[in-house]
Structure formats: C-alpha cells, structure tokens
C-alpha cells in the first residue's frame, strides 16, 4: 500500500514537472514569436520612415540648384510628411530600430537645416502663384513644422558626449605621421588639447 502511494506521488511529481517544463517552453516560444513579429514590423516601419523623410526633403528642395522652393503647396506637403513621420516614429518598439531611425532622422535633419539656411529674407515666404498670378503666402503652421524639424531635439543625448578628445586621438593614433595635418591643426589652433594628449601619453 505504501509502495503504491509512493508511486502515485512520484507520478504526480513527474506530471507537475512536465507541465512546468511545457509551460516554460510555451512561454519561450510565444515570447520569440512576439519578438520576431516586433522586429519584422519595425523593419518595415523603418523603411517607411526613411522614405517619409526623403519625401519631405524632396518637397522642399528645388531640383535644379539645391535651394528651397518658395511654394505654399510644397511646404504644406513637406510639413505633412514630417507630422506623419513623428506619429509613425512613436510606433517603433525595438531599441535597435529606434537607434537606426534616429541616425536617419539626424541625416535628414541636417539636410533640411542646410536647405533652410539658404533662405535669404522674409520675402521668401511670400510668393506669386505662377498659375494664377496672384500673391500667396507659405502657411505659418507648415513653415513652423518644417523649421522645427531642422532643430536639434532638446533632451536628446549627443553620442559625442561619451567620448573625450584625448581618448579619440589616443585610441585611433590620430597624432601619428599619417594624420600629420590634423595634428598640426590641433597644435596650432587648440594647443591646450594637444597638451592634454601629450600629458596622457607621458
């Protein structure tokens, strides 16, 4: 009788352990499926985000001379692309794709910044519609959205903050003969930085 009870208890323990192992396996499998889906969704979303920023830039840039166009409709289009980009960006869920997206954003932010720097006066925002020969103005909200995109985001960590000048020079041997013009530039224009590198090397 005792032997029968021991066997039943042993069988129960084996069943419980098997259920626990099956539950863990099921959880791991489910978690992997969720992660794979997130990764695939983010990969697809990233492509759309890159395209949206490119479309925003192309809406603003003149094809012939690389200057911004003074066209109400094209500024509205660019602003809408930027607004959509900002909404879609918030749907990224993986750290990897968020980082890649920030790289793309920085690239297009700089291109739009350089483009807007070519605006020479406030008269740029008031134009004549060539089709109807009537004056029109670039819509203020769209202009604000476009200009806001060209500004470095407050609170965003600058990746350069994690590196000191001396570490970069030392780790990549930038004061070697191969980089002599860079070394001369630093020694001439920033002697205090050159001195710090020399102090750390001694």
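See the values below:
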quantity: Residues of the stretch 118-177 that turn out to be assigned to a helix (DSSP H, G or I), at pLDDT below 90 and either touching a strand residue (DSSP E or B) at 6+ places or on another chain (Cβ under 9 Å) or within 25 Å of residue 53 (Cβ to Cβ) (or both), as a count; calculated: 3
quantity: The listed residue being surrounded by 11 or more Cβ atoms within 10 Å (Cβ to Cβ), under 30 Å from residue 74 (Cβ atoms) and more than 26 Å from the chain's Cα centre (by Cα), out of 139, 195, 184; calculated: 139
quantity: Filtered residues of the stretch 62-78 (kept if in contact with a helix residue (DSSP H, G or I) (Cβ under 8 Å, 6 or more places away or on another chain), surrounded by 16 or more Cβ atoms within 10 Å (Cβ to Cβ) and not in a helix (DSSP H, G or I)); calculated: 68, 69, 70
quantity: Matching option when the condition is outside the structural domain of residue 62 (by TED's automatic domain parsing) and at pLDDT 90 or above, among 186, 112, 100; calculated: 186
quantity: Failed item in (1) touching a helix residue (DSSP H, G or I) at 6+ places or on another chain (Cβ under 8 Å); (2) free of Cβ contacts under 8 Å to residues at least 60 places away in the same chain; (3) outside any helix (DSSP H, G or I), with residue 81 passing the rest; calculated: (3)
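The values are calculated or read from the model by the stated rules, or taken from the named source; none is laboratory data. Since this is a predicted model, take the numbers as computed values, not measurements. With ideal geometry, Cβ positions are generated from the backbone for all residues, glycine too; neighbour counts draw on all protein chains shown.
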